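Participant: Pasting a structure below so you can have a look.
The values are calculated or read from the model by the stated rules, or taken from the named source; none is laboratory data. The structure displayed is predicted, hence computed values, not measured ones. A quick note on method: Cβ atoms are made from the backbone with ideal geometry, for glycine too, and the neighbour counts reach across all protein chains shown.
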Amino acid sequence: MRSIIVGGGVAGCAMATALHALPQSTASTIIERRLPDAPGGMGFLLMPNGLAALRELAPRTDWSDAGHWIEHASLRASDGQTLAEHLLEPALCVSRTRFLALLRDAALANGRTHFIHGSSVVHLETTSREHEASFRAHSIVLDNGCSLDGELFFGCDGARSQFRAMLFSKAELSDAAIHEIVSVADAPALARELGTTFRKYHDPRGGLAVGMLAEGDGRVVWFIQMDASRHHVVDTSGPALAAFADAMLDGWAADVVEAIATTDFATSHLWKTRDLPPLPALHRGNAALLGDAAHACLPFTSQGANSALVDAVLLARLLRDVRTAGGAPEAFAEYSRLRRPNHRRLFLEGRRLRAAFLAPAASSGPALPLVA
């Protein structure tokens with residue numbers, strides 16, 4: 001069976017890798033709108049569920065090479081006072097660039113996967129749009145006019161998914177209540193001090209925090225998280241972001257000051273975080289959604305990439321005994337049945353953690369911004 005995968009990020013590469021194990025999978029084409037050298041995100045945290053999925057996807061790859069282990073969380077006040085300490089199941093803070101390179105290599109390993117870069121999907125050709133029982137996708141049309149035929153279709157193109165809109169036109173992301181300025185600091189001394197600890201500093205008034213983790217090679221991934229209704233970033237140029245950070249975090253802990261001083265803000269970016277209310281299903285016919293296209297959740301959960309990896313592993317398991325394209329809808333329906341409760345849970349947990357973040361600091365201290 002020939003697969004068309006829309007999106008070449010974590011979900012898309014994971015799905016292509018998962019399909020390798022299926023003898024009935026003849027070829028996979030990944031459509032990625034970005035060019036290979038386009039800048040991406042800074043990094044993320046691979047949680048135990050994501051790491052378990054990776055070990056099943058590509059057991060011969062040493063995924064620890066992609067980053068730095070995190071084993072503790074330290075929640076602090078803006079002045080550096082420790083509010084709470086948590087022992088974590090080991091997680092891996094990874095460079096997005098390095099991790100995606102490893103995942104892409106795993107996707108390409110068997111020679112049956114190839115990429116089309118710099119193109120977007122503009123249309124999905126189907127046999128029926130009105131009757132669910134007879135819905136079947138058979139080809140996609142790209143913005144260059146090229147048409148690609150397939151038997152299985154996977155939408156892996158992120159929170160603002162074009163492919164999702166072709167399946168569920170009424171699905172809409174929430175408004176962006178939380179903005180993040182995400183950066184990388186070249187700070188060997190700070191990285192050594194952080195060690196295996198994720199530190200997060202909180203403004204006691206709520207709605208403003210700074211998080212930081214060592215990612216390896218003397219680099220620290222860090223972010224400013226803020227209530228978009230109270231803190232406005234208009235100019236996203238490097239100098240403007242640096243000036244904004246200086247003014248916003250004046251008087252904060254020494255670690256925060258060091259992160260600002262060792263950051264090239266020309267590489268920073270403003271992320272307007274949005275989540276996706278649970279969909280009625282994660283598939284239509286022989287087309288399925290994975291990752292943020294299916295269940296974009298707020299960053300407080302740290303589950304975006306991890307859930308994408310789990311999605312791919314589960315889909316491959318369910319497709320293992322499907323020998324013809326005609327059996328795919330049933331497998332996709334089971335995937336939807338199994339994963340939707342988890343997606344709803346992450347959506348609600350993200351909203352709960354967002355409410356706690358926006359409120360003044362509680363007497364019990366800030367909430368741990370991770371969801372298992």
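Participant: Looking at LEU241, LEU298, which is the one that is under 25 Å from ALA52 (Cα atoms) and in contact (Cβ under 8 Å) with a residue 40 or more places away in the chain?
Facilitator: Within the list LEU241, LEU298, the selection yields LEU298.
Participant: Give just the number: which of (1) at pLDDT 95 or above; (2) under 24 Å from ALA177 (Cα atoms); (3) not assigned by TED's automatic domain parsing to the domain that holds SER74 does LEU298 not satisfy?
Facilitator: (1)
Participant: Let me ask something else. Whether any residue in the range 67-82 is free of Cβ contacts under 8 Å to residues at least 40 places away in the same chain, outside any loop (DSSP other than H, G, I, E, B), of a type in the set (A, V, I, L, M, F, W, C) and surrounded by 14 or more Cβ atoms within 10 Å (Cβ to Cβ) is what I want to check.
Facilitator: So far as the range 67-82 goes, no, none of its residues is free of Cβ contacts under 8 Å to residues at least 40 places away in the same chain, outside any loop (DSSP other than H, G, I, E, B), of a type in the set (A, V, I, L, M, F, W, C) and surrounded by 14 or more Cβ atoms within 10 Å (Cβ to Cβ).
Participant: Residue under question is ALA228, and the condition is that it be of a type outside the set (Phe, Trp, Tyr), in contact with a Gly (Cβ under 7 Å, 6 or more places away or on another chain) and surrounded by fewer than 19 Cβ atoms within 10 Å (Cβ to Cβ); does it hold?
Facilitator: Spelling it out, it is not the case that ALA228 is of a type outside the set (Phe, Trp, Tyr), in contact with a Gly (Cβ under 7 Å, 6 or more places away or on another chain) and surrounded by fewer than 19 Cβ atoms within 10 Å (Cβ to Cβ).
Participant: Let me ask something else about it. Can you tell me which residue among PRO188, PRO204 is more than 24 Å from HIS295 (Cβ to Cβ) and touching a Pro at 6+ places or on another chain (Cβ under 7 Å)?
Facilitator: Result: PRO204 is the single residue among PRO188, PRO204 that is more than 24 Å from HIS295 (Cβ to Cβ) and touching a Pro at 6+ places or on another chain (Cβ under 7 Å).
Participant: If ASP264 passes every condition in (1) surrounded by fewer than 18 Cβ atoms within 10 Å (Cβ to Cβ); (2) within 28 Å of LEU19 (Cα to Cα); (3) not small (Gly, Ala, Ser) but one, which one does it miss?
Facilitator: Here ASP264 meets the rest and fails (2).
Participant: Same structure, new question: Please specify each residue of the range 170-207 satisfying the condition of being assigned to a loop (DSSP other than H, G, I, E, B), of a type in the set (D, E, K, R) and surrounded by fewer than 17 Cβ atoms within 10 Å (Cβ to Cβ).
Facilitator: Scanning the range 170-207 gives LYS170, GLU172, ASP175, ARG205.
Participant: Okay, moving on. Hey, among MET42, MET15, which residue is at pLDDT 95 or above and within 16 Å of PHE99 (Cα to Cα)?
Facilitator: Only one candidate qualifies: MET15.
Participant: Among the listed residues GLY67, GLY80, which satisfies the condition of being in contact with a Lys or Arg (Cβ under 9 Å, 6 or more places away or on another chain) and more than 25 Å from SER28 (Cβ to Cβ)?
Facilitator: Answer to the selection: GLY67.
Participant: Still on this model: Go through the residues of the range 31-51 one by one and say whether even a single one is in contact (Cβ under 8 Å) with a residue 60 or more places away in the chain, assigned to a loop (DSSP other than H, G, I, E, B), surrounded by fewer than 19 Cβ atoms within 10 Å (Cβ to Cβ) and touching a Lys or Arg at 6+ places or on another chain (Cβ under 6 Å).
Facilitator: The answer is yes, given that some residue of the range 31-51 is in contact (Cβ under 8 Å) with a residue 60 or more places away in the chain, assigned to a loop (DSSP other than H, G, I, E, B), surrounded by fewer than 19 Cβ atoms within 10 Å (Cβ to Cβ) and touching a Lys or Arg at 6+ places or on another chain (Cβ under 6 Å).
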